[in-house]
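What follows is a short report on a single structure.
Derivation of every value follows stated rules applied to the coordinates shown; laboratory data play no part. All values reported here derive from a predicted model rather than from experimental measurement. Glycine gets a Cβ as well: all are built from the backbone with ideal geometry, and neighbour counts include every protein chain shown.
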Amino acid sequence: MSVLCIFEDVKYKKLLPLVWLKPVYELRCGMRSLMDKIILNYKNLTIELFCRDYLKDVVKERYNYNVNAEIKDNALFINGRILMDKPISIEGPEEIGINKENDIVYIRVKKENAKLINSEFILDCDLEKIKKTFKNIKIIETNYTLINYSWDLVHYNPEQIKNEFVKLANAGEIQGNIYERVVIIDKKNIFIGKNSKIKPGVIIDNEEGPVYIDENVLIEPNAVVQGPTYVGKGSIIRLGAKIREGTSIGDVCRIGGEVEESIIHGYSNKQHDGFLGHAYIGMWCNLGASTNNSDLKNNYGNVKVYVEGKLIDSGSMFVGLTMADHSKSGIGTTFNTGTVVGVSSNIFGEGYPPKFIPSFSWGGAKGFVTYRLDDALEVVSKVMARRKKSLTKSEEKLLKKVFELTTTERAVK
């Protein structure tokens, strides 16, 4: 019997600050997380998770899986950055699958070799280290896509919604309540889950892509939703909102204004007017009224983004805001193209803030100070309580750890 092991490798660093509080495989693209996409390809298998050691306790709380445990069976190790569209065979000869950049996509080994793979080994490993550990193992090049940067997730999001709609939806099925004077352009390209309500004046333009509305969603009057789009369970689309193509909204969000080709994790709010485009927003974020982000430079050049402390060329004309968990913007905040905001930061005031804002920062264009940890934790607890959630001891410990790990970032002027 083989087990399925999902791991993160050292290139998680290129996805910071989004993954300070989560392993890479919890990132979203399309209608599900990267991990969910992997697991959907396998049935009746034991799942094992590997992550950075300081994430272990929180990951254990979230899932009924072993985390960073010794593997005692034949195993297929799959890189959690994979954008999985077809399964990798769980059975077969020992083998390493790599991509063109020599990143390890998967490792399939017998139990004798599986015992040699622990969380530290798999996190830090490169191809040469693997070759030395598993002599004579076959290495093949694969064409699976691995996510390297936050804007990769946004880029692939529209197509992922289309692909997952085919796999997960009964196309044309409407389980919720559609009021009179709702316009649905393509009745075969929609799914509406149980107890969802679509109010009068709503237009669902799904001619160019599907619209999947999950359970207990409320779409208020006169909103427009273009496909491909996914709206998660318990979310609310506010009056007159414009949800444009390529957008994924997680569970229990409140979304208004204009949103285009963006990914928003669960429990985050953008209640009011303002433009969010080609953005990736983490969990428990709140964008104040009239918050806007630019996603296109005036000269139509490629957007540069801070990654691991360096400004790099994204290779794309369209990159908006990247905001990690628990961060917030005040009324009228304006973000430049490719701005990156860390964990639990609070941004406000006139003018463009810098393009990189470290975790636990408080301020805006005129400057920042450190957001006191005890104050930040108090706000996190209050915000979660409003959604009937509690900050666990493991989550509090993790936030404290991230505060410590990002001290150097805040010291840079």
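Table for the structure above
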| read-out | value |
| --- | --- |
| Extension gain from Asp53 to Asn99, taking 0.36 nm per residue of separation minus the Cα-Cα distance | 13.9 nm |
| Most fluctuating residue given options Ile263, Ile213, Ile178, as computed from a GNM of the chain linking Cα atoms under 10 Å | Ile178 |
| Formal net charge of residues neighbouring Thr291 (Cβ-Cβ distance under 11 Å; K, R +1; D, E -1) | +1 |
| Whichever aspartates and glutamates have a C-alpha closer than 19 Å to that of Lys111, once near sequence neighbours (fewer than 8 apart) are set aside | Glu48, Glu70, Asp73, Glu91, Glu94, Glu95, Glu120 |
| Difference of contour (0.36 nm per residue) and Cα-Cα distance, Tyr300 to Ala171 | 42.6 nm |
| Kirkwood-based Rg to Rh ratio, segment 81-190, C-alpha trace | 1.17 |
| For segment 267-377: rounded, prolate or oblate by the Cα gyration tensor [a/c cutoff 1.5] | prolate |
| Among the listed pairs Lys13/Lys115; Lys13/Lys270; Lys22/Lys400; Lys11/Lys110; Lys297/Lys355, those beyond 23 Å (Cα-Cα) | Lys13/Lys115; Lys13/Lys270; Lys11/Lys110 |
| Estimated D of the chain in µm² per second, where Rh is the Kirkwood radius over Cα pairs and Stokes-Einstein applies at 20 °C, 1.002 mPa s | 97 |
| Taking Ile78, Ile88, Ile130 and counting other C-beta atoms within 10 Å, the order from fewest to most | Ile130, Ile88, Ile78 |
| Gaussian network model of the chain, Cα within-10 Å springs - most flexible of Lys197, Lys389, Lys397 | Lys389 |
| Antiparallel content of DSSP bridges confined to segment 150-411, in %, to 5 | 15 |
| Unit charges on C-beta of K, R, D, E only; dipole of segment 2-146, Debye | 140 |
| Candidates Asn195, Asn299, Asn136, ranked by Gaussian network fluctuation over the chain, Cα under 10 Å, top entry | Asn299 |
| Centroid-to-centroid separation of segment 148-164 and segment 355-413 [C-alpha atoms, Å] | 28 |
| Pairwise centroid distance, computed over Cα atoms, of segment 49-91 with segment 304-320, Å | 29 |
| For peptides 307-319, 351-363, sequence by mean Cβ density within 10 Å, most packed first | 351-363, 307-319 |
| Convex hull of segment 2-146 built on C-alpha atoms - directionally averaged projected area, nm² | 8.1 |
